[in-house]
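Chemist: Below are the structure tokens for one structure; questions will follow.
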Number of protein chains: 2
Amino acid sequence: MTGKDDQVADVSQLTIGVLGGTGPQGKGLATRWAQAGMKVVLGSRSSERAESAAAEIVDQLGTGNITGADNASCAGQADVVLIAVPYDGHGSLLESLREQLTGKIVIDCVNPLGFDKQGPYPLRVEAGSAAQEAENLLPDSRVTAAFHHVSAVHLADVSGSEVDTDVLVLGDDRDATDVVRELAGKVAGMRGIYAGRLRNAGQVEALTANLIAINRRYKAHAGVRVTDVEA
Amino acid sequence: MTGKDDQVADVSQLTIGVLGGTGPQGKGLATRWAQAGMKVVLGSRSSERAESAAAEIVDQLGTGNITGADNASCAGQADVVLIAVPYDGHGSLLESLREQLTGKIVIDCVNPLGFDKQGPYPLRVEAGSAAQEAENLLPDSRVTAAFHHVSAVHLADVSGSEVDTDVLVLGDDRDATDVVRELAGKVAGMRGIYAGRLRNAGQVEALTANLIAINRRYKAHAGVRVTDVEA
């Protein structure tokens with residue numbers, strides 16, 4: 001999963017926290033990482049709901065090093081923290097967890113989208129993107145952006161085939177993006193591709209609106225592959 | 001190249017005009033369409049330069065129904081017009097060709113990007129995207145957006161393999177987007193995918209910055225494939 005000229009980041013010993021771990025995207029990725037043998041902590045506003053979602057995943061997989069906790073405790077326990085909450089509560093949640101997230105790799109996968117009769121469209125975000133907003137709110141964390149386009153339906157289908165998508169990974173901290181690329185590679189079928197600095201995250205987040213339009217038109221759960229790249 | 005539930009648009013009798021046809025992107029697509037047996041008119045500010053670029057393409061292919069003209073004459077002769085000019089002159093060019101473009105399918109493939117020491121980044125466009133700007137300036141044309149991500153290097157390599165990319169096609173006029181999807185399918189390897197309304201064009205244009213970042217990192221000429229879609 002690493003390119004010839006890239007160093008391998010060993011991520012197998014890391015604990016991954018998933019804030020918003022009871023939603024479809026967060027829970028799906030948590031399931032896949034647990035399936036890959038990684039240690040995962042699901043976070044939610046309610047520790048009970050997080051614990052029960054973790055127990056469901058263990059049931060589904062028949063195994064899994066995965067527990068549940070409230071968001072603050074989840075962030076405190078984890079080495080790498082995925083932010084998989086709705087855009088609505090994104091800023092206030094991050095602000096409240098600044099201390100727990102200090103020094104850690106934060107992966108923002110939030111898509112600021114609106115919906116009306118004509119379908120999805122990107123919201124204008126003052127900071128440029130949810131990821132840049134996260135960076136502004138968490139100056140002492142290593143903020144990256146990734147996993148925006150992964151289909152929750154494919155993630156949930158653990159008995160099914162591989163997840164047929166690349167994961168565009170953005171960030172200004174090279175080592176952090178390497179870790180996130182490795183985490184993408186832990187899920188069968190997925191491949192992490194470095195796709196630019198954090199200031200180029202806005203269009204990656206917004207592209208989710210196009211994928212939703214594609215899904216509606218073609219009755220699909222579309223993903224994205226980057227061609228001509230060996231990574 | 002058409003999905004099971006989509007009607008086939010017959011594009012083989014259409015004349016394609018390419019404004020900015022002497023630049024690498026426009027010339028590359030013109031070459032591929034001529035290679036596919038279509039009638040193409042290259043447009044440029046200077047009809048001489050357009051004619052000489054057309055002659056080069058005929059030389060390269062050994063055949064080709066392709067001529068050159070100044071931009072206004074190119075737009076006037078064509079049924080479908082690709083706008084492949086730099087973003088800088090985009091608005092004023094379209095405004096000057098409003099009459100010639102009336103009633104026609106216009107395909108905007110312009111990427112409003114800036115570059116600095118840290119690489120490429122999307123410019124803020126007041127209308128939301130170059131394509132929406134075109135729609136505002138050409139109220140009597142059928143404006144679509146497509147071909148933003150096609151590598152000029154791969155296009156130019158006509159003896160080489162297929163162009164390994166999907167083409168995201170955006171627009172509010174369903175029939176117009178069907179025609180553009182068919183035009184994408186005329187190039188060996190390429191596939192046109194409907195990817196949303198014109199208001200979702202901004203992030204598709206801006207994604208070119210990510211592809212440039214990918215190209216630099218991986219020494220590639222990256223394209224994009226949409227997975228799980230049969231089109």
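The values are calculated or read from the model by the stated rules, or taken from the named source; none is laboratory data. Everything numeric in this text was worked out from a predicted model, so none of it was measured. Quick reminder, even Gly has a Cβ in these numbers, built from the backbone with ideal geometry, and neighbours come from all protein chains shown. Accessible surface areas use protein heavy atoms only, side chains included; no ligands, DNA or RNA. Shrake-Rupley method; radii C 1.70, N 1.55, O 1.52, S 1.80 Å.
Chemist: Filter the GluC sites (Glu not before Pro) in segment A:1-105 to those in DSSP coil with at most 10 other Cβ atoms within 10 Å of their Cβ, and list the result.
Modeler: Passing both the DSSP loop test and the Cβ count: A:99.
Chemist: Counting only other chains, what is the mean number of Cβ atoms within 10 angstrom of the Cβ of each residue in peptide A:202-208?
Modeler: Partner Cβ neighbours, averaged per residue: 6.
Chemist: Still on this structure, please answer the following. For chain A, which whole percent of the accessible surface, found with a 1.4 angstrom probe, sits on carbon and sulfur atoms?
Modeler: Within chain A, the accessible surface is 45 percent carbon and sulfur.
Chemist: When each copy gets a label point 7 Å from Cα toward the beta-carbon at residue B:188, what are the spacings between them in nm, shortest first?
Modeler: 3.6
Chemist: Give the average, rounded to an integer, of partner chain Cβ atoms located within 10 angstrom of each Cβ in B:182-192.
Modeler: Averaged over the peptide's residues, the number is 0.
Chemist: When only Cα pairs under 8 Å and 6 or more residues apart are kept, what is the percent relative contact order across segment B:27-84?
Modeler: Reported as a whole number, the value is 36 percent.
Chemist: Looking only at A:175, A:116, A:157, which one moves most when chain A is put into a Gaussian network model with springs between Cα atoms under 10 Å?
Modeler: A:116
Chemist: Summing +1 for each Lys or Arg and -1 for each Asp or Glu, what net charge is found among the other residues whose Cβ lies under 12 Å from the Cβ of residue A:18?
Modeler: In short, +3.
Chemist: For residue A:13 and residue A:136, what is the calculated FRET efficiency with R₀ set at 30 Å and r taken between the beta-carbons, to the nearest 0.05?
Modeler: Between residue A:13 and residue A:136 the formula returns 0.50.
Chemist: Right, something else. How much of the DSSP beta bridge set in the protein assembly as shown is antiparallel, as a percent to the nearest 5?
Modeler: 25 percent
Chemist: Relative to a virtual label point 7 Å from the Cα of residue B:117 in the Cα→beta-carbon direction, which members of segment A:161-198 show backbone nitrogen distances below 18 Å?
Modeler: Only A:172-174, A:197-198 pass the distance filter.
Chemist: Around residue B:103, under 14 Å between beta carbons, what's the net of Lys plus Arg minus Asp minus Glu among the other residues?
Modeler: Taking every other residue near residue B:103 into account, the sum is -2.
Chemist: Let me ask something else about it. What is the sum of charges around residue A:144, taking Lys and Arg as +1, Asp and Glu as -1, for the other residues whose C-beta is under 9 Å from the C-beta of residue A:144?
Modeler: Its environment carries a net charge of -2.
Chemist: Follow-up. Rounded to the nearest whole Å², what accessible area per residue is found for segment B:161-231 with the 1.4 Å probe?
Modeler: For segment B:161-231, the per-residue accessible area is 30 Å².
Chemist: Quick one, could you list the DSSP H helices from chain A stretching 24 Å or more along their long axis (Cα atoms) with average Kyte-Doolittle hydropathy of 0.5 or above?
Modeler: none
Chemist: Kindly flag which residue pairs out of A:104/A:219; A:27/A:219; B:117/B:186; A:219/B:186; A:219/B:219 have an alpha-carbon separation exceeding 29 Å in this structure.
Modeler: From the list (A:104/A:219; A:27/A:219; B:117/B:186; A:219/B:186; A:219/B:219), the Cα-Cα distance tops 29 Å for A:104/A:219; B:117/B:186; A:219/B:219.
Chemist: Return the FRET efficiency for the residue pair residue A:61, residue B:79: r is the Cβ-Cβ distance, R0 is 56 Å, and the value is rounded to the nearest 0.05.
Modeler: That gives a FRET efficiency of 0.50.
Chemist: Now a separate question. Relative contact order of chain B, please, whole-number percent, based on alpha carbon pairs below 8 angstrom and at least 6 residues apart.
Modeler: Contact order relative to length: 19 percent.
Chemist: As a test of the definition: with a 1.4 Å probe, what buried accessible area, both sides summed, do you compute for A against B, in Å² to the nearest 100?
Modeler: 3700 Å²
Chemist: Leaving out ligands and nucleic acids, note down the accessible area per residue over segment A:1-101 with a 1.4 angstrom probe, in whole Å².
Modeler: Solvent-accessible surface per residue comes out at 46 Å².
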